[in-house]
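Below is one structure, written out as C-alpha coordinates; the observations come after it.
The values are calculated or read from the model by the stated rules, or taken from the named source; none is laboratory data. Everything numeric in this text was worked out from a predicted model, so none of it was measured. Because the Cβ atoms are built from the backbone with ideal geometry, glycine has one as well, and the counts that use them run over all protein chains shown.
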Amino acid sequence: MLVTFAVTVAPLPSDKPPPFSPIPPPKHIVPVPRDPAPKGLPARPDPTRPGAPGTVCRDPRLIGQAVPDIVEVDRLACGIDDPVKIGWIGSIELAPPIVTGCMTARRVADWLTGVAEPAAERALGARITGMRVMGSYACRRRNNGATSRRSEHGRGRAVDIGGFTLSTGQVVSVKRDWGKDKPGAFLREIWRKACGPFATVLGPDADPYHHDHFHLDTSPRGGAPYCR
(Lines give C-alpha, C1' and ligand atoms only; values in the text may rest on other atoms or scores of the structure.)
Protein backbone atom coordinates (compact mmCIF):
# COMPACT_ATOMS: atom_id res chain seq x y z
CA MET A 1 0.00 0.00 0.00
CA LEU A 2 1.37 3.43 -0.93
CA VAL A 3 1.30 6.10 1.85
CA THR A 4 1.62 9.76 0.90
CA PHE A 5 2.96 12.42 3.36
CA ALA A 6 2.51 16.19 2.96
CA VAL A 7 5.75 18.08 3.64
CA THR A 8 5.81 21.83 4.25
CA VAL A 9 9.08 23.50 3.31
CA ALA A 10 9.94 26.75 5.16
CA PRO A 11 11.14 29.56 2.90
CA LEU A 12 14.82 30.39 3.02
CA PRO A 13 15.69 33.56 4.95
CA SER A 14 15.98 36.67 2.87
CA ASP A 15 19.31 38.44 2.49
CA LYS A 16 17.58 41.76 3.08
CA PRO A 17 17.71 43.18 6.65
CA PRO A 18 14.41 43.64 8.41
CA PRO A 19 12.89 47.08 8.08
CA PHE A 20 14.33 49.59 10.61
CA SER A 21 11.88 50.84 13.14
CA PRO A 22 13.38 53.73 15.13
CA ILE A 23 12.80 53.78 18.87
CA PRO A 24 11.01 56.95 19.84
CA PRO A 25 12.95 59.11 22.32
CA PRO A 26 11.71 59.01 25.90
CA LYS A 27 9.48 61.83 26.95
CA HIS A 28 9.99 64.29 29.76
CA ILE A 29 13.81 64.17 29.90
CA VAL A 30 15.08 66.23 32.82
CA PRO A 31 18.62 67.52 32.19
CA VAL A 32 21.16 66.88 34.94
CA PRO A 33 23.25 69.92 35.95
CA ARG A 34 26.84 69.71 34.73
CA ASP A 35 28.44 70.29 38.13
CA PRO A 36 25.76 70.62 40.79
CA ALA A 37 26.85 72.06 44.10
CA PRO A 38 26.25 69.87 47.14
CA LYS A 39 23.07 70.62 49.03
CA GLY A 40 23.40 73.68 51.17
CA LEU A 41 26.39 75.10 49.24
CA PRO A 42 26.38 78.10 46.89
CA ALA A 43 26.65 77.22 43.21
CA ARG A 44 30.07 78.09 41.87
CA PRO A 45 30.49 79.67 38.40
CA ASP A 46 30.56 77.38 35.39
CA PRO A 47 33.98 77.91 33.74
CA THR A 48 32.55 76.87 30.36
CA ARG A 49 30.00 79.69 30.29
CA PRO A 50 31.15 82.58 28.09
CA GLY A 51 32.35 85.47 30.19
CA ALA A 52 32.47 83.39 33.38
CA PRO A 53 35.61 83.03 35.48
CA GLY A 54 37.60 79.90 34.64
CA THR A 55 40.13 77.69 36.32
CA VAL A 56 43.57 79.19 36.80
CA CYS A 57 47.05 78.04 37.83
CA ARG A 58 46.31 74.65 36.21
CA ASP A 59 44.33 73.76 39.32
CA PRO A 60 40.64 72.83 38.91
CA ARG A 61 39.92 73.99 42.47
CA LEU A 62 40.88 77.58 41.70
CA ILE A 63 38.13 79.55 39.96
CA GLY A 64 39.04 83.06 38.89
CA GLN A 65 41.05 84.85 36.26
CA ALA A 66 44.57 85.86 35.39
CA VAL A 67 45.30 89.55 35.75
CA PRO A 68 48.12 91.67 34.29
CA ASP A 69 51.47 91.67 36.05
CA ILE A 70 51.59 94.05 38.97
CA VAL A 71 54.68 96.25 38.98
CA GLU A 72 54.93 99.14 41.42
CA VAL A 73 58.01 101.32 41.18
CA ASP A 74 58.81 102.52 44.67
CA ARG A 75 61.20 101.82 47.50
CA LEU A 76 59.27 98.72 48.57
CA ALA A 77 59.60 97.01 45.16
CA CYS A 78 56.09 95.58 45.36
CA GLY A 79 54.47 93.53 42.62
CA ILE A 80 53.47 90.05 41.41
CA ASP A 81 54.55 88.16 38.31
CA ASP A 82 51.62 86.24 36.75
CA PRO A 83 49.05 87.26 39.39
CA VAL A 84 45.60 85.68 39.64
CA LYS A 85 42.33 86.81 41.16
CA ILE A 86 40.53 83.91 42.87
CA GLY A 87 36.85 84.11 43.78
CA TRP A 88 36.19 80.43 44.52
CA ILE A 89 38.15 77.47 45.83
CA GLY A 90 36.06 74.43 44.95
CA SER A 91 32.58 75.26 46.26
CA ILE A 92 33.86 77.80 48.79
CA GLU A 93 33.38 81.45 47.92
CA LEU A 94 36.14 83.89 48.85
CA ALA A 95 34.71 87.27 49.79
CA PRO A 96 36.25 89.44 48.58
CA PRO A 97 38.39 87.55 46.04
CA ILE A 98 42.11 87.22 46.73
CA VAL A 99 44.88 88.51 44.47
CA THR A 100 48.06 86.43 44.82
CA GLY A 101 50.56 84.42 42.86
CA CYS A 102 49.76 80.84 41.88
CA MET A 103 51.94 79.20 44.51
CA THR A 104 50.17 81.01 47.34
CA ALA A 105 46.74 80.35 45.81
CA ARG A 106 47.46 76.61 45.64
CA ARG A 107 48.73 76.60 49.22
CA VAL A 108 45.53 78.29 50.41
CA ALA A 109 43.49 75.74 48.48
CA ASP A 110 45.41 72.84 50.04
CA TRP A 111 44.84 74.21 53.54
CA LEU A 112 41.21 75.17 52.99
CA THR A 113 40.10 71.90 51.40
CA GLY A 114 42.47 69.52 53.17
CA VAL A 115 42.53 71.01 56.68
CA ALA A 116 39.77 73.56 57.31
CA GLU A 117 36.88 71.72 55.63
CA PRO A 118 37.41 68.36 57.40
CA ALA A 119 37.95 70.18 60.71
CA ALA A 120 34.66 72.07 60.32
CA GLU A 121 32.78 68.85 59.61
CA ARG A 122 34.28 67.15 62.67
CA ALA A 123 34.00 70.01 65.14
CA LEU A 124 30.92 71.84 63.92
CA GLY A 125 29.00 69.28 61.85
CA ALA A 126 28.87 71.52 58.78
CA ARG A 127 30.73 72.33 55.61
CA ILE A 128 32.44 75.60 54.80
CA THR A 129 30.63 77.62 52.13
CA GLY A 130 32.48 80.91 52.39
CA MET A 131 35.73 82.42 53.63
CA ARG A 132 35.94 86.04 54.76
CA VAL A 133 39.09 87.62 53.34
CA MET A 134 40.54 90.63 55.11
CA GLY A 135 43.57 91.12 52.89
CA SER A 136 45.67 89.76 50.04
CA TYR A 137 47.86 91.83 47.69
CA ALA A 138 48.68 95.28 49.07
CA CYS A 139 51.83 97.34 48.62
CA ARG A 140 52.62 98.23 52.21
CA ARG A 141 54.99 97.68 55.09
CA ARG A 142 54.50 95.11 57.84
CA ASN A 143 51.63 96.04 60.14
CA ASN A 144 51.36 99.28 58.12
CA GLY A 145 54.34 100.65 60.03
CA ALA A 146 56.25 103.70 58.83
CA THR A 147 59.70 102.10 58.86
CA SER A 148 59.11 98.34 58.99
CA ARG A 149 60.12 95.97 56.20
CA ARG A 150 57.93 95.28 53.20
CA SER A 151 55.04 92.98 54.00
CA GLU A 152 54.65 89.68 52.13
CA HIS A 153 51.32 91.12 51.01
CA GLY A 154 53.39 93.39 48.77
CA ARG A 155 54.64 90.39 46.79
CA GLY A 156 51.32 88.54 46.58
CA ARG A 157 52.44 85.88 49.02
CA ALA A 158 50.07 86.53 51.94
CA VAL A 159 46.37 86.21 52.77
CA ASP A 160 44.52 87.49 55.85
CA ILE A 161 41.44 85.49 56.90
CA GLY A 162 38.79 86.81 59.26
CA GLY A 163 36.35 83.91 59.42
CA PHE A 164 34.14 81.37 57.67
CA THR A 165 30.50 80.87 56.72
CA LEU A 166 29.12 77.34 57.19
CA SER A 167 26.43 75.39 55.35
CA THR A 168 24.15 75.83 58.39
CA GLY A 169 24.36 79.60 58.06
CA GLN A 170 26.61 79.91 61.11
CA VAL A 171 29.46 82.41 60.84
CA VAL A 172 32.70 81.59 62.65
CA SER A 173 34.69 84.74 63.40
CA VAL A 174 38.34 84.82 64.44
CA LYS A 175 37.72 88.01 66.42
CA ARG A 176 34.62 86.76 68.24
CA ASP A 177 35.16 83.00 68.53
CA TRP A 178 38.89 82.55 69.15
CA GLY A 179 39.28 80.52 72.35
CA LYS A 180 35.54 79.94 72.79
CA ASP A 181 33.84 76.52 72.78
CA LYS A 182 33.66 74.43 69.61
CA PRO A 183 34.16 77.30 67.13
CA GLY A 184 37.28 78.30 69.04
CA ALA A 185 38.60 74.74 69.01
CA PHE A 186 38.01 74.58 65.25
CA LEU A 187 39.90 77.84 64.70
CA ARG A 188 42.82 76.78 66.86
CA GLU A 189 43.13 73.45 65.00
CA ILE A 190 43.27 75.01 61.55
CA TRP A 191 45.65 77.75 62.78
CA ARG A 192 47.99 75.09 64.19
CA LYS A 193 47.86 72.93 61.06
CA ALA A 194 48.65 75.91 58.84
CA CYS A 195 52.10 76.01 60.43
CA GLY A 196 54.42 74.22 58.03
CA PRO A 197 52.46 74.52 54.81
CA PHE A 198 52.84 78.28 55.33
CA ALA A 199 56.11 79.94 56.31
CA THR A 200 54.42 82.45 58.61
CA VAL A 201 51.20 81.88 60.56
CA LEU A 202 49.94 84.62 62.88
CA GLY A 203 46.74 84.72 64.92
CA PRO A 204 45.12 86.54 67.82
CA ASP A 205 47.79 85.39 70.28
CA ALA A 206 50.63 86.81 68.15
CA ASP A 207 50.14 90.54 68.74
CA PRO A 208 47.43 93.22 68.75
CA TYR A 209 47.71 93.64 64.98
CA HIS A 210 46.29 90.16 64.42
CA HIS A 211 43.54 90.10 67.06
CA ASP A 212 40.82 89.59 64.44
CA HIS A 213 42.37 87.46 61.70
CA PHE A 214 44.89 84.84 60.62
CA HIS A 215 47.86 85.93 58.54
CA LEU A 216 49.19 83.15 56.29
CA ASP A 217 52.14 83.68 53.97
CA THR A 218 54.53 81.75 51.77
CA SER A 219 57.65 83.80 52.42
CA PRO A 220 60.72 82.25 50.72
CA ARG A 221 63.03 83.17 53.59
CA GLY A 222 63.80 79.49 54.43
CA GLY A 223 64.34 77.95 57.84
CA ALA A 224 61.67 76.87 60.30
CA PRO A 225 58.19 78.31 59.98
CA TYR A 226 57.31 81.22 62.24
CA CYS A 227 53.96 80.54 63.94
CA ARG A 228 52.42 82.58 66.74
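What the table below lists for this structure:
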read-out	value
Residue, nearest to LEU216 (Cα to Cα), within the stretch 174-192, restricted to residues that are of a type outside the set (A, V, I, L, M) and touching a residue at least 40 places away in the same chain (Cβ under 8 Å)	GLU189
Condition check for ALA105: small (Gly, Ala, Ser) and under 21 Å from ASP177 (Cα atoms)	no
Residue that is farthest from PRO118 (Cα to Cα), among those in the stretch 192-210 that are part of a loop (DSSP other than H, G, I, E, B) and in contact with a Pro (Cβ under 7 Å, 6 or more places away or on another chain)	ALA199
Within the stretch 160-191, considering residues that are charged (D, E, K, R) and outside any helix (DSSP H, G or I), the one modelled with the highest pLDDT	ASP160
Candidates ARG157, ARG140, filtered to the one that is modelled with pLDDT of 95 or more and of a type outside the set (Ser, Thr, Tyr)	ARG157
Residue count, the stretch 113-130 (criterion: of a type outside the set (Val, Ile, Thr), surrounded by fewer than 21 Cβ atoms within 10 Å (Cβ to Cβ) and within 24 Å of VAL84 (Cα to Cα))	3
Filter pass, THR113 being under 21 Å from PRO60 (Cβ atoms), out of contact with any Pro (no Cβ under 8 Å at 6 or more places or on another chain), touching a residue at least 40 places away in the same chain (Cβ under 8 Å) and not in a strand (DSSP E or B)	yes
